[in-house]
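Shown next, in C-alpha cells, is the structure this report addresses.
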Amino acid sequence: MQRQIFTEEHEAFRRTVRTFLDKEVLPYYERWEKDGIVARDAWLAAGRQGLLGLAVPQEYGGGGDADFRYSAVLAEEFTRAGVSGLALGLHNDIVGPYLTSLATEEQKRRWLPGFCSGETITAIAMTEPGAGSDLQAVRTTAEDKGDHWLLNGSKTFISNGILADLVIVVAKTSPEGGAKGLSLIVVERGAEGFERGRNLDKIGQKSQDTAELFFDDVRVPKENLLGERDGAFLHLMTNLAQERMGIAVAGIAAAEHLLEITTRYVKEREAFGRPLAKLQHVRFEIAEMATECAVTRTFLDRCIADHSDGTLDAVHASMAKWWATELQKRVADRCLQLLSLIHEPSPTAGSRPSTAERPRS
Ligand SMILES: Cc1cc2nc3c(=O)[nH]c(=O)nc-3n(C[C@H](O)[C@H](O)[C@H](O)COP(=O)(O)OP(=O)(O)OC[C@H]3O[C@@H](n4cnc5c(N)ncnc54)[C@H](O)[C@@H]3O)c2cc1C
C-alpha cells in the first residue's frame with residue numbers, strides 16, 4: 001500500500017539520511033560494533049548534515065521544524081540499515097524536548113548550538129542499580145548548598161553514557177517528597193567528581209555505549225536545574241508519547257526490513273530443485289507476515305501523523321509501542337525459521353517440516 005503521510009520534503013530528507021549512512025556510518029560500523037562505541041566524528045558529521053536538533057529553533061542552530069515525520073524517517077532509515085549504535089533518536093527525540101521545552105533562555109544559548117552541531121552529545125540518566133521502573137526508588141541526591149547542588153549517587157544502563165557531554169540526571173532534591181521530590185539536574189563533561197564506569201556488554205546494540213555513571217560530591221552550578229525544582233516526575237511523563245513512538249517506529253521498520261530480506265532470500269535460495277518461495281508453507285509464512293506488517297503500518301502511520309499534528313494521546317502511543325515491538329519479535333522469530341531451513345533442509349521435499357525438524361529460536 002502506498003504510504004500517505006510523507007511529502008516530497010520528507011522523501012528528500014530520507015535521501016539525505018541514506019547518503020549519510022552510506023558515507024559516514026556503514027563503512028565504519030563493523031569497527032564500532034567491535035569497539036563497543038561509535039566515533040565522535042559521526043556525531044559531527046550528523047550535525048553538518050542537519051540530522052541533529054531537527055525540532056530545535058533555527059536561532060539555536062536547529063532545523064526549526066517539530067514535524068515528527070522527519071524523526072520517523074530518520075528512525076526508519078537507521079533501522080533498515082541495522083544501525084542502533086549511533087543514538088541520534090535518543091538525542092533528538094528524547095533529550096531534545098527537555099532542552100527545548102524546559103530550558104531557560106540562558107540555558108538554551110549555552111547548550112543548544114552544541115546539541116545541533118554534534119559537539120555536545122547528550123544522555124538522560126534515570127535508572128540506578130536499585131531503581132528502574134520504580135523511579136521513586138531513586139537514591140541519587142542533589143543537595144541544595146546555596147550557590148550550587150551537591151550531587152551524589154550512581155546511574156546505570158545510560159545510553160550514550162561514555163560519549164555524553166551533557167547528562168540530564170534525575171536526582172532527589174526533596175528526600176521526603178517521594179516521586180514529587182525529584183529534579184532534573186544537568187551535569188556537564190569535566191565536572192569534578194563525575195566519573196564514567198563500565199561500558200556495559202550487551203546482547204545487542206554493541207556499538208551503543210550504554211554505561212554506568214558515578215557522582216561523588218559533584219558541585220553542579222545552581223543554574224543547571226532544568227525545569228521546576230521537584231518537578232522531574234511530571235516533566236518525565238510529558239514526553240512519554242514521543243519516546244514510545246520512537247520505539248514503535250523502529251519496531252515496525254525492523255519487522256518490514258526482516259520480511260524484505262527473508263522474502264528476497266526465499267525467492268533466490270533453491271532447495272529440492274526449486275526456490276524455497278515455491279513451497280506452499282513458505283508462501284503462507286510470508287503472506288501472513290506481510291499481512292501483519294501492512295495492518296500495523298497503517299496504524300503506525302496514523303499515529304505518526306497524529307503525533308506530528310499534536311493530537312496523539314498516551315493510550316494510542318502505548319498501543320503503537322506494544323504492538324509494533326511484539327510484531328517485531330514475532331517476525332524476527334518466523335523469519336529466522338525460514339532462513340534456518342536452508343541450513344537443515346527437511347528430508348521430505350516440499351512438505352511442512354515437523355516440529356522436531358524446525359530449528360527453535
Ligand atoms: C539498552 C538499554 C538502554 C537503556 N538506556 C537508558 C538510558 O539512556 N537512561 C536510563 O535512565 N535508563 C536506560 N535504560 C534502563 C531502562 O530504562 C530500565 O531497564 C527500565 O526502566 C527497567 O528497569 P530495570 O531494568 O531496573 O527493571 P525493573 O524495574 O527491576 O523490572 C524488572 C522486571 O519487573 C517488571 N516490573 C517492574 N515493575 C512492574 C510492575 N509494577 N508490575 C509488573 N511487572 C513489573 C518489569 O517489566 C521487568 O520485567 C536502558 C536499558 C537498556 C537495556
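Structure above, values below:
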| read-out | value |
| --- | --- |
| Integer Hz, Karplus 6.51/-1.76/1.60 couplings in order for the stretch 99-110, x for Gly and Pro | 6, 6, 9, 10, 5, 6, 4, 4, 5, 4, 5, 6 |
| Gain in span if fully extended, Ala294 to Leu44, counting 0.36 nm per residue against the direct Cα distance | 86.4 nm |
| Cβ-Cβ FRET estimate between Gln280 and Arg330, R0 fixed at 25 Å, reported to 0.05 | 0.75 |
| Residue-by-residue Karplus 3J(HN,Hα) for the stretch 153-164, coefficients 6.51, -1.76, 1.60, Hz, glycine and proline x | x, 8, 10, 9, 6, 8, 5, 6, x, 7, 7, 4 |
| FRET E, pair Ala287, Asp22, Förster distance 22 Å, beta-carbon r, rounded to 0.05 | 0.10 |
| Distance (nanometres) between label positions extended 7 Å along Cα→Cβ at Gln58 and Arg15 | 2.1 |
| Candidate lysines - alpha carbon under 18 Å from Lys267, same-chain residues fewer than 8 apart omitted | Lys278 |
| Folded to 0 to 90 degrees: helix 68-80 orientation relative to the chain principal axis, Cα | 50 |
| Debye intensity ratio I(q)/I(0), log10, the chain, q values 0.13, 0.14 Å⁻¹ (C-alpha model) | -1.06, -1.19 |
| Phe214-Thr7 FRET efficiency (beta carbon distance; Förster radius 41 Å; 0.05 resolution) | 0.30 |
| Computed [θ] at 222 nm, helices only, for the chain once each DSSP H run of length n ≥ 4 contributes -39500 (n - 2.57) | -14500 deg cm²/dmol |
| Value in Å of the Kirkwood radius, where the stretch 206-334 supplies the Cα pairs that are averaged | 18.0 |
| Length added when fully stretched, Glu30-Arg302, from 0.36 nm per residue minus Cα-Cα | 94.4 nm |
| The stretch 36-184: antiparallel DSSP beta bridges as a percent of all, rounded to 5 | 60 |
| Of Val170, Val266, Val73, the one that fluctuates the most in a GNM where the chain has Cα springs shorter than 10 Å | Val266 |
| Amide H within-cut-off set for Thr120, under 5 Å, with H built and near neighbours excluded | Phe115 |
| Relative contact order (%) - the chain, alpha-carbon pairs under 8 angstrom, separation at least six | 16 |
| Bridge type composition, the chain - antiparallel percent by DSSP, nearest 5 | 85 |
| Projected label distance in nm at Thr127 and Ala314, using a 7 Å step from Cα toward the beta-carbon | 2.2 |
| Rounded Å value of the spacing that divides the Cα centres of the stretch 11-67 and the stretch 173-215 | 24 |
| Segment Glu192-Glu270, extension gain: residue separation times 0.36 nm, minus the distance between their alpha carbons | 21.9 nm |
| Long-range HN-HN contacts of Ala125 with modeled amide H, under 5 Å | Ile168, Val169, Val170 |
| Subset of Lys202/Lys329; Lys155/Lys206; Lys34/Lys321; Lys34/Lys202; Lys180/Lys222; Lys145/Lys172 violating a 23 Å alpha-carbon distance limit | Lys34/Lys321 |
| The chain: most fluctuating residue of Glu243, Glu192, Glu76 per GNM, C-alpha cutoff 10 Å | Glu192 |
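Only the coordinates and a few stated rules stand behind these numbers; no lab work does. Model, not experiment: these values are computed from the prediction. All Cβ positions, glycine included, derive from the backbone under ideal geometry; neighbour counts span all protein chains shown.
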